[in-house]
Structures are given as C-alpha cells and as structure tokens.
Protein chains: 2
Amino acid sequence: MQRIVVLAGGIGGARFLRGLRQAAPDAEITVIGNTGDDIHLFGLKVCPDLDTVMYTLGGGIHEEQGWGRADETFTVKEELAAYGVGPAWFGLGDRDFATHIVRTQMISAGYPLSAVTEALCQRWQPGVRLLPMTDDRVETHVLVDDPDAAADPGRGDAGDGAGGRRAVHFQEYWVRLRAAVDAHAVVPIGADQAKPAPGVLEALAAADTVLFPPSNPVVSIGTILAVPGIREAIADADVPVVGLSPIVGGAPVRGMADKMLAAIGVETTAQAVARHYGSGLLDGWLVDTADADAVPDVEAAGIRCRAVPLMMSGPDATALMAAEALTLAEEVRA
Amino acid sequence: MQRIVVLAGGIGGARFLRGLRQAAPDAEITVIGNTGDDIHLFGLKVCPDLDTVMYTLGGGIHEEQGWGRADETFTVKEELAAYGVGPAWFGLGDRDFATHIVRTQMISAGYPLSAVTEALCQRWQPGVRLLPMTDDRVETHVLVDDPDAAADPGRGDAGDGAGGRRAVHFQEYWVRLRAAVDAHAVVPIGADQAKPAPGVLEALAAADTVLFPPSNPVVSIGTILAVPGIREAIADADVPVVGLSPIVGGAPVRGMADKMLAAIGVETTAQAVARHYGSGLLDGWLVDTADADAVPDVEAAGIRCRAVPLMMSGPDATALMAAEALTLAEEVRA
C-alpha cells in the first residue's frame, strides 16, 4: 500500500485531497495541515484550514463557497453582533461554531490540537489521517500599510519609524482587507519555536511520496515548511516530492497568492514558485498546459516538469490532476 | 424615589419583577440574582437565573416556556450531539449560546460576573439593576439516591458508606432528573467562601423596601441568603422586608419547590415557608386567598400577613401582586 503525505492549506488543498482519494483509493494518505491561519475569535479557537480539509473530505463543506458548512445558518453571529461583539467580518456559522466549541473545550481540558483534530475527525471520517503541522501556537501575520491610517490622520506614519506599517493577523488581511493593500512581509509568528505535531515526522519518514497541492506557497505550504524539522524531513526523505502549481497563466487559480508572493519577492509565475521551493525540496512540478513554455525553465532548475490541465473544475478533473502528480512521482522514482 | 431590592431566582422571580416594574414604574429596582444554578456546559459559563431575568425584562424571553429565548433554534446543539458531545438534556439554543459565548469570553479576559452581567444588560435594558449575588463561584448540588444505581448493579450502595447517594449539580437534578428522585440535602457549594458582588450590600443598605418574590425558598432565595453578609444585611436593614408565598394550597405554583423543601425538612405550606424565613428576616408575608386560614399562624410567628390572589396568570395579575406587596410594606413601615 502506497503511503502518501500531503501538505495542505485550505480550499485548494482540500479539493486536491478529494481528487487524490479518488485517484488513489487504496493509498494511505496523511495530511499535514497548515495551522498558521488559526485565530481566536469570541474566545474560541478556530482552525480554518484544518476544518476546510475535514469538512470537504467529510462531506460537510459548503461546495460553492469552498469553506464553512453546507446549509449553514448565522443565528449565533447575529446575536453576538446584537451584543456589540465582533468581528463581523469573519463568517462563523452556527454549525461551524459547534466545531470551535468542541475544540476549545478539549483544548481547555488539556488535549493537544492533534488529539482534538483526531477526535473531530471521528465524526467526519475524512478517509485520510489529518495532522496539524504543530500543536504549538503559530499565527501568521502580514505587515501592511496601516489600513486605518488614511481614515485616521491622527495616526499614520509620523515618527513611528515603521513607515505607517502594521502587522495584522493573516485572517484580517485575507478576509477583512481582502488582500487589497500591499503586503510587505509575511511572518509566521511562533513558527521558529514550534515543534512538528506527533506523527508528522514519522509520516514523512515512512512516506513513499510527498505531494504539495496547488495551495498557497507562502501562507499555506510555506508556513508548514517554516516549522523546524518539517522542511528538513522532506528534503532528506529519499522519495519523490511533487508539487502542483497554484499559479496558472501568471495569476493564482483562486485566492490572492500573488499578493503573498510579492511580499516575499517571488514572481507570480508557475516557474518562479517552483524555483522558490527549489530542487533541494522538489523533485517534480506540474504546471498547467497554459504554462507549457515554463517547463524548460523549471527543468533547468533541476526539477522534472510536466504541463497538464491544472484547473480543479470538478471531482474528475481534480482526480486526473492527482493521478498526473502520482505519475510524475513514479517517473522521478524510476 | 423609592429604592426596592428584590432577591430573585429564575422564572417566578423574573415574572414578578415584570409586574413590579409595572406596579412601581418610578422605583429604582435592584435585583440580587441567584447564581447557584450556574453551570459550565461545553466550556461555557451558563447563568440560567440571571439570563431568565435579563431576557424576561428585556423582551427576549420565550414566554410560554418561561426560560430561554423566543424564536430559538438549536443548530449548535444538534451539531454538538453529532460530535458526541453532551449533555443533551440541557436545552441551549443558538441565540442563548451567543450570550454564554460573550459571557465566557469576558470572564476569560478577567472581568468579574457582575461586570459581565452589566455589559450584557447594556443590550437588554431590563429597566432594573441586575447584580449577581456574588462574583465567586457557587454551585448548588443536591444529594440524591444515586439515579444511575438501579440501571447499573455494579455500582449502588455497597460499601460506599453513603447509602447509594450521590451529589448532583442542581441543573442535573432539576432538568435531567426532573426532581423525580427524593433530595436528601441541598448544598450551595462555595457559598460559605463567597463574597457579595460589588453593589449588593450597598443596595441593601440604601433600600427602602426588600422583596422576596414567589421564588424557590431553598435553591433560589435560600442560596442568595447563604452568601455570608446578605442575610445579615437584610435582617439588620431597618426597612420592610416582604415576601410572597411560592406555595399555594399546599403545592408549588410552578416548579418542584416541594422536593427542595422536603430536603431541608420544611413542610410544603405557605405558613411553613414563612416560618422558615422567620420573623428575624421577614416583616410581611403574602399568601394566596386559598391559604387565608394560614394568616393567623404566620402572624403568630411575628410576621404580618395578608391573603391576596397570588397566581401570576398575566402581567396585570402580577402587577397587582407586586402592588399588594408594596402596600404590605407600607403597612409594616407605618
């Protein structure tokens, strides 16, 4: 039985995983999930990426939206607003609240996030083993031009030495500001002190194949790789490591990865992302057929590359993408 | 302006307060609320009596039920059940959950319950000042014959020296067991170490009149009186203290006060409850017209007594009861 380890962010990672499960029904799949976008809201611990994977693979996801629960209602949120308690910009539904209540209660009782995630998956039966990248607290922050400075001339950049810049939680950047202001840096706060969650290094050591889905290379996969030990375990593993480009035709397929890439000085192209990961990490890279001209550039960087359709337009298209990734892994292995 | 202090439990106290507000629209009313029935559920702090007062006076109560929110839904609870997380016997609705989330978040941030209650009342505008009896944790427990012993012969009373008795949280006794097993004792755990919340003793010292609504004399008013300093402040106040009997015709008007009275060895009669409070505390006592023959017995105990209709069948009937209590207070004062 093939053992596949996948590093996953939210929507893109979750949808890819559904395709992978279809393409490799007999494989044992371990998912290392990003927790850098976790946030505490209303005193509750919210893990958007882990939940998106769990809900998507467990059949509870809001399909069109890509995150949150299907058939969701928002009574609790409306009531919180009636109490004047926010933030209003984060869309927590009633069904979703229950997940965060269970998680927070277990964490308060002393369980690590990995054990909590396992318990939640008892209900969802995602068909993969879902591990948080770490049980420690990591929160990605984004350094931006102060989004409130313009509206408040009393603040701004006078004398603070930071040029009117402010670090905001990734969710605030992504959801409240919709990445509409430029990001100057992305900092996974706490990552340098974090330890991989139990099972993460063991899964990588036992893996036959490691896959990077078309997730955000900076705030999803990049954050996972920022946990000391994980990048090294992947680089040292003597197995194929294959990724799929989240950039097609010079733009992110979904989300705002271009903003994040710019913040770390990487061009928004399929080949630039491959070079960013580098041949020390990646053995194979899939680009979309629209980016076929990028293949020689990637291969010149020492990374085997193929151009295949990379639009996750439906379950079957996604399963084909996963199959292509596994095929490329076998080419690398051979 | 008359200053009235009312000791209140849940449904009975809340409905009486609504009548009192109607009967004395210009009075400044301070409510000392029972918190002995508070319970932690799903990691959230739930204060059923405080919330019943707040929702009832603020127009958010489920009128027929007497507790919980109107137009309530139960999505969160259903989802918690899907995770296998209980208890299922406590009916927390989605709107209600928001209250507990706000409260728990504020308490986690370091605010005392009295400050939290004040903040919640900013929304509800109950028209009274609502104070918890204490900011300290008090939880009423009831000593019962082990309700699970019969179903589990491996447990029971063998060798545990307690005769198969078990202390259960008041809410478990009241809601899960529906008071269907005999109570042998009622213990407000933590009360002996509790301090009155800020404002409680000050309100009693400044009161013109103190009222005991037809609330449960044991687990509602009795618990408030168990907080050191409160009983003494009422007994020492040189103002009329008037109560309304929750027992009519030898039975509780609502709820299961008879079970609680039996646990402390008090008969379920209007006069026995008056004697239980005693003339050291009570100056006046209203019994229902059905209990007119109890009047001499109560007066013999040194407590002025009148028989008036005591069924809170609607707002006007309740306002009349409140007016009768204030009239009796004036008789005592004169």
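Readers should treat all values here as calculations from the given coordinates under stated rules, not as data from a laboratory. Note that the structure is predicted; figures quoted are calculated from it, not measured. In this analysis, Cβ positions are derived from the backbone assuming ideal geometry, glycine residues included, and neighbour counts consider all displayed protein chains.
Key figures for this structure:
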read-out: Model label zone, A:Ala317; criterion: amide N under 12 Å from point 7 Å along Cα-to-beta-carbon; scope region A:214-243; value: none
read-out: Inter-label distance for B:Ala82 and A:Asp293, nm, one decimal - labels placed 7 Å from Cα along Cα-to-Cβ; value: 4.8
read-out: Using θ = phi - 60° and Karplus 6.51 cos²θ - 1.76 cosθ + 1.60, couplings along region B:165-175 (whole Hz; Gly, Pro as x); value: 9, 8, 8, 10, 4, 3, 5, 5, 5, 7, 9
read-out: Computed Kirkwood radius, in angstrom, where 1/r is averaged over Cα pairs of region B:1-76; value: 13.3
read-out: Proxy reagent accessibility, fewest Cβ within 10 Å first, across A:Met133, A:Met312, A:Met106; value: A:Met106, A:Met312, A:Met133
read-out: Order of A:Phe212, A:Phe42 under a 10 Å beta carbon neighbour criterion, fewest first; value: A:Phe42, A:Phe212
read-out: Per-residue average of Cβ from other chains inside 10 Å of B:71-83; value: 6
read-out: Note, ³J(HN,Hα) from phi for region A:318-334, Karplus 6.51, -1.76, 1.60, rounded to Hz, x at Gly and Pro; value: 5, 5, 5, 4, 5, 5, 4, 5, 5, 4, 5, 4, 5, 4, 5, 5, 7
read-out: Which of B:Gly229, B:Gly284, B:Pro296, positive extreme of dipole for region B:212-299 (C-beta unit charges); value: B:Gly229
read-out: Ranked B:Thr134, B:Thr327, criterion: other C-beta atoms within 10 Å, fewest first; value: B:Thr327, B:Thr134
read-out: Check: the protein assembly as shown dipole with +1 on Lys, Arg Cβ and -1 on Asp, Glu Cβ, in debye; value: 60
read-out: Prolate/oblate/rounded call for chain B, Cα gyration tensor, a/c under 1.5 rounded; value: oblate
read-out: B:Asp135 long-range amide H proximity, modeled H, under 5 Å; value: B:Lys195, B:Ala197
read-out: For the protein assembly as shown: rounded, prolate or oblate by the Cα gyration tensor [a/c cutoff 1.5]; value: prolate
read-out: Efficiency of FRET between B:Ala301 and B:Glu118 - r from beta-carbon atoms, R0 41 angstrom, step 0.05; value: 0.60
read-out: Calculated from backbone phi, Karplus (6.51, -1.76, 1.60) coupling profile of region B:67-74 in Hz, x at Gly/Pro; value: 9, x, 8, 5, 6, 7, 10, 10
read-out: In the protein assembly as shown, lysine pairs closer than 21 Å at Cα, eight or more apart or cross-chain; value: 8
read-out: Computed magnitude of the charge dipole of chain A (debye, nearest 20; Cβ of K, R +1, Cβ of D, E -1); value: 440
read-out: Estimated [θ] at 222 nm from DSSP helical runs (n ≥ 4, -39500 (n - 2.57)) normalised by residues in chain A, nearest 500; value: -10500 deg cm²/dmol
read-out: Across the identical copies, how the A:Glu118 labels are spaced - nm, sorted shortest first, 7 Å along Cα→Cβ; value: 4.7
read-out: Between region A:85-140 and region A:225-248, the Cα center-to-center distance that results, in Å; value: 25
read-out: FRET efficiency, A:Ala185 to B:Ala109 (Cβ-Cβ, R0 25 Å, nearest 0.05); value: 0.25
read-out: Dipole of chain B, positive direction: furthest Cα of B:Trp67, B:Leu204, B:Leu113, with charges on the beta-carbon; value: B:Leu113
read-out: Cβ-placed point charges (K, R +1; D, E -1), dipole of region B:10-148 about Cα centre in debye, nearest 20; value: 540
read-out: Amide proton proximity set for A:Trp285, modelled H, under 5 Å, gap of 5+; value: A:Gly243, A:Arg304, A:Cys305, A:Arg306
read-out: For A:Lys45, residues with placed amide H under 5 Å, excluding near neighbours; value: A:Thr104
read-out: Axis-nearest residue in chain B [Cβ, rotation onto A], distance in whole Å; value: B:Asp94, 3
